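Shown next, in structure tokens, is the structure this report addresses.
The values are calculated or read from the model by the stated rules, or taken from the named source; none is laboratory data. No experiment lies behind these values; they were computed from the predicted model shown. Every residue, glycine among them, receives a Cβ derived from its backbone with ideal geometry; neighbour counts consider all protein chains shown.
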Amino acid sequence: MTDFETVIGLETHIQLNTITKIFCSCKADSWGDPPNTNICPVCSGLPGVLPVPNKAAIQKGMLLAAAMHAEIQPVSHFDRKNYFYPDLPKGYQISQFDAPLACGGYMDLPLADGGVRRVGIIKLHLEEDAGKTKNENNRRLIDFNRCGVPLIEMVTGPDLRSATEAAEYLTRLRQLLRWLDVSEAEMEKAHLRCDANVSIRPAGADYLNPKTEIKNVNSIEAVREAIEKEAERQMREVGMGNKIKSWTLEWDENTGVLRKMRSKETEADYRYFREPDLLPFHISEAWKQEVLAGLPELPEERRSRFISHYGLPEYDADVLTSERSLSEYFEAAVKAYANDPKRVSNWVMNDALRMLNENNLTASQLKLTPQFLAEIILLIDSGVINNNTGKALLMKVQQTGKSPQALVEEEGLAKVSDDSAIRIICQEILVGNPKEVESYKSGKTTLMGWFVGQVMKKMRGKADPNIARKILEELLT
Ligand code: ZN
Ligand code: MN
């Protein structure tokens with residue numbers, strides 16, 4: 001029995017979050033809009049129109065290329081990819097073929113065994129999206145809203161070795177896309193789509209066998225499941241002495257079954273040629289530097305820095321760098337608190353994060369700003385409020401947008417919560433007046449008013465007399 005390994009390459013289509021489409025001024029994100037309401041002569045392919053490239057799409061592509069360590073090309077071209085399909089009104093897609101935006105690059109995936117899998121990137125190119133077709137009542141309906149939406153197609157080498165690694169790559173890619181603010185990267189909204197090329201070979205071999213391509217998978221979990229099933233199928237086929245054919249398979253998410261769509265096209269079938277309506281675009285060194293100046297510290301670097309600079313455990317660093325806005329929230333809170341980062345991390349991970357998840361917000365949208373969070377922790381540290389009041393205060397600040405200090409004063413939170421301070425004074429009064437205590441205990445309960453008065457006097461009226469009375473009653477029984 002031969003041991004097989006799975007060889008996987010992923011082809012991702014990433015919807016850039018630009019305001020307008022790639023070659024016209026229609027709105028790029030038309031999710032939920034009625035069909036065919038977000039189109040114009042350019043993106044619906046009427047005769048005589050000319051495409052105008054969207055600079056923002058090119059710049060977002062450059063940012064992603066740089067973050068993937070890819071080489072941004074000084075000159076690149078648009079090409080026509082010709083095929084006939086009802087959702088493609090021009091009969092061709094404007095894409096890039098042999099002179100893409102960027103070539104090479106990689107992403108390093110940490111593996112469970114402590115090693116690293118370097119996933120090579122073959123190329124990144126810009127292209128326009130096609131429309132959408134659907135079947136309804138035995139009719140085929142077409143929606144052109146998505147036509148001309150800017151996409152980056154990014155292709156990895158055959159470098160992934162398991163369905164789990166493929167899922168991990170996509171998880172990290174999604175994180176990076178949001179981090180860079182180049183895509184919303186919501187797979188269920190088709191902002192991030194993935195086709196997987198799968199083949200098998202005897203473990204350790206260095207040649208590639210014929211592969212199949214899995215299309216139409218729209219969640220990371222489904223990618224994992226589809227790849228696992230396809231690798232098992234190929235092993236069964238080979239086990240029975242059959243050859244693997246280069247099929248294109250479609251994933252049916254309702255049944256979890258792969259179906260054969262068609263025999264795979266080869267590049268020659270697309271008759272690529274240069275797009276005659278667009279000039280080649282030149283990316284000067286100056287433009288490149290200007291765009292790359294906006295490249296933030298990347299998730300992996302920030303994660304390492306949180307560990308080395310703040311002394312955070314790996315787990316905390318992972319959670320806090322899962323989203324860029326959360327990592328920025330944490331750093332702002334640490335700065336405002338100017339003390340133990342781990343204490344801030346606990347509050348952010350337990351309390352702020354729960355608030356974000358419950359309200360479906362990002363950290364930058366919280367009314368509980370990092371400065372307010374730090375203020376609450378400081379109020380606890382200085383004994384003005386207790387821990388429980390602090391937790392309740394989080395919600396109040398989030399609801400009202402008022403500062404913790406203002407709320408403490410407004411709602412008398414310090415006074416009410418400060419039972420322990422009142423208790424200390426009560427104890428002092430009782431210890432200092434043994435005679436009165438004795439007569440109270442032997443039945444002279446009218447002395448209660450006098451005791452309360454002593455406590456109020458000592459606390460210069462700041463104590464809540466009801467609480468003082470309750471504590472005194474408890475101490476005197
Ligand atoms: Zn348009
Ligand atoms: Mn494509």
Please go through the stretch 47-63 and give me each residue that is over 32 Å from the mean Cα position of the chain (by Cα) and either within 16 Å of ligand 2 (Cβ to nearest atom) or in contact (Cβ under 8 Å) with a residue 40 or more places away in the chain (or both), ordered by number. Leu50, Pro51
Please work out which one of (1) crowded, with 20+ Cβ neighbours inside 10 Å; (2) at pLDDT below 95 is the condition Glu136 fails and give its number. (1)
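Going by the structure shown, is Lys90 touching a residue at least 24 places away in the same chain (Cβ under 8 Å), of a type in the set (D, E, K, R) and either more than 30 Å from Glu228 (Cβ to Cβ) or crowded, with 20+ Cβ neighbours inside 10 Å (or both)? Before you say what the answer is, go through the steps one by one.
On the way: touching a residue at least 24 places away in the same chain (Cβ under 8 Å): yes; of a type in the set (D, E, K, R): yes; either more than 30 Å from Glu228 (Cβ to Cβ) or crowded, with 20+ Cβ neighbours inside 10 Å (or both): yes.
Taking the combined requirement at face value, the residue satisfies it.
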Sort out which residues of the stretch 129-159 are at positive phi and either part of a strand (DSSP E or B) or away from ligand 1 (no atom under 16 Å from the Cβ) (or both), and write them in order of number. Asn137, Asn138
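So is Gly115 surrounded by fewer than 20 Cβ atoms within 10 Å (Cβ to Cβ), away from ligand 2 (no atom under 16 Å from the Cβ) and modelled with pLDDT of 95 or more or not?
On the way: surrounded by fewer than 20 Cβ atoms within 10 Å (Cβ to Cβ): yes; away from ligand 2 (no atom under 16 Å from the Cβ): yes; modelled with pLDDT of 95 or more: no.
Criteria not met by Gly115.
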Which residues, taken from the stretch 424-445, are in contact with a Phe, Trp or Tyr (Cβ under 9 Å, 6 or more places away or on another chain) and over 22 Å from Gly383 (Cβ atoms)? Leu430, Asn433, Glu436, Val437, Tyr440
Among the residues of the stretch 1-60 satisfying the criterion of being surrounded by fewer than 22 Cβ atoms within 10 Å (Cβ to Cβ) and charged (D, E, K, R), which is farthest from ligand 1 (Cβ to nearest atom)? Asp3
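Given the condition among the basic types (Lys, Arg), assigned to a strand (DSSP E or B) and within 28 Å of Leu173 (Cβ to Cβ), answer yes or no: does some residue in the stretch 262-283 qualify?
Looking only at the stretch 262-283, we keep the residues that are among the basic types (Lys, Arg), and these are 262, 264, 271, 274.
Remaining after also requiring assigned to a strand (DSSP E or B): 262, 274.
Right, trim to within 28 Å of Leu173 (Cβ to Cβ) and you get 262.
Within the stretch 262-283 (the criterion being among the basic types (Lys, Arg), assigned to a strand (DSSP E or B) and within 28 Å of Leu173 (Cβ to Cβ)), the answer is yes, since at least one residue qualifies.
Per-residue answers, yes or no, for (1) among the β-branched types (Val, Ile, Thr); (2) within 16 Å of ligand 2 (Cβ to nearest atom); (3) at pLDDT 95 or above; (4) over 22 Å from Ala196 (Cβ atoms):
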position: Thr2; (1), (2), (3), (4): yes, no, no, yes
position: Asn36; (1), (2), (3), (4): no, no, yes, yes
position: Ala70; (1), (2), (3), (4): no, no, yes, no
position: Asp79; (1), (2), (3), (4): no, yes, yes, yes
Given the condition among the hydrophobic types (A, V, I, L, M, F, W, C) and surrounded by fewer than 16 Cβ atoms within 10 Å (Cβ to Cβ), answer yes or no: does some residue in the stretch 243-255 qualify? no
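Say whether the condition of being charged (D, E, K, R) and assigned by TED's automatic domain parsing to the domain that holds Ala336 is met by at least one residue in the stretch 436-445. Lay out the reasoning, then the answer.
Kept after step one, since they are charged (D, E, K, R), are these residues of the stretch 436-445: 436, 438, 441, 444.
Imposing the further condition that a residue be assigned by TED's automatic domain parsing to the domain that holds Ala336 reduces the set to none.
Within the stretch 436-445, not a single residue is charged (D, E, K, R) and assigned by TED's automatic domain parsing to the domain that holds Ala336.
Any residue at all in the stretch 182-195 that's farther than 30 Å from Ser327 by Cβ and at pLDDT 90 or above? Talk me through it step by step, then tell me what you get.
Residues of the stretch 182-195 farther than 30 Å from Ser327 by Cβ: 195.
Going one step further and asking which of them are at pLDDT 90 or above, we end up with 195.
The answer is yes; a qualifying residue exists.
For the stretch 202-214, which positions are surrounded by fewer than 18 Cβ atoms within 10 Å (Cβ to Cβ) and either outside any loop (DSSP other than H, G, I, E, B) or among the small types (Gly, Ala, Ser) (or both)?
To start, the set of residues in the stretch 202-214 that are surrounded by fewer than 18 Cβ atoms within 10 Å (Cβ to Cβ) comprises 202-210.
Passing the criteria: Pro202, Ala203, Gly204, Ala205.
When you look at Tyr270, is it of a type outside the set (Lys, Arg) and over 30 Å from Ala332 (Cβ atoms), yes or no? Don't jump to the end; show me each part of the working.
Working: of a type outside the set (Lys, Arg): yes; over 30 Å from Ala332 (Cβ atoms): yes.
Answer is yes for this residue.
Tally up the residues in the stretch 217-245 that are in a loop (DSSP other than H, G, I, E, B), within 20 Å of Ile14 (Cα to Cα) and of a type in the set (Gly, Ala, Ser), please.
Going through the stretch 217-245, the residues in a loop (DSSP other than H, G, I, E, B) turn out to be 218-219, 240-245.
Now drop any that are not within 20 Å of Ile14 (Cα to Cα), which leaves 218-219.
Now narrow it down to the ones that are of a type in the set (Gly, Ala, Ser): 219.
Matching residues across the stretch 217-245 total 1.
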Of Ile22, Ile8, the only residue that is in contact (Cβ under 8 Å) with a residue 12 or more places away in the chain, in contact with a helix residue (DSSP H, G or I) (Cβ under 9 Å, 6 or more places away or on another chain), β-branched (Val, Ile, Thr) and within 16 Å of ligand 2 (Cβ to nearest atom) is Ile22
Among the small types (Gly, Ala, Ser), away from ligand 2 (no atom under 14 Å from the Cβ) and in contact (Cβ under 8 Å) with a residue 40 or more places away in the chain, is that true of Ser95? no
Under 8 Å by Cβ, and 6 or more places apart or on different chains, what pairs join a residue from the stretch 113-124 that is without any contact (Cβ under 8 Å) to a residue 24 or more places away in the chain with one that is surrounded by 10 or more Cβ atoms within 10 Å (Cβ to Cβ) and aliphatic (A, V, I, L, M)? Val116/Leu109
Tally time: how many residues in the stretch 246-261 are over 28 Å from the mean Cα position of the chain (by Cα) and either in a helix (DSSP H, G or I) or on the phi > 0 side of the Ramachandran plot (or both)? 0
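Look through Arg324, Arg305 and report the one residue that is in contact (Cβ under 8 Å) with a residue 60 or more places away in the chain and of a type in the set (Lys, Arg). Reasoning before the result, please.
On the way: Arg305 fails: in contact (Cβ under 8 Å) with a residue 60 or more places away in the chain.
None of the others qualify; the one that does is Arg324.
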Look at the stretch 312-326 and say how many of its residues are surrounded by 20 or more Cβ atoms within 10 Å (Cβ to Cβ), of a type outside the set (D, E, K, R) and more than 12 Å from the chain's Cα centre (by Cα). 2
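Being within 30 Å of Glu228 (Cα to Cα) and within 13 Å of ligand 2 (Cβ to nearest atom) is the requirement here; does Glu128 meet it? Spell out how you get there, then give the answer.
Values: within 30 Å of Glu228 (Cα to Cα): no; within 13 Å of ligand 2 (Cβ to nearest atom): yes.
No; evaluated as a whole, the condition is false for this residue.
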Scan the stretch 78-118 for residues that are more than 16 Å from ligand 1 (Cβ to nearest atom), of a type in the set (A, V, I, L, M) and in a strand (DSSP E or B) and jot them down. Ala102, Met107, Leu109, Val116
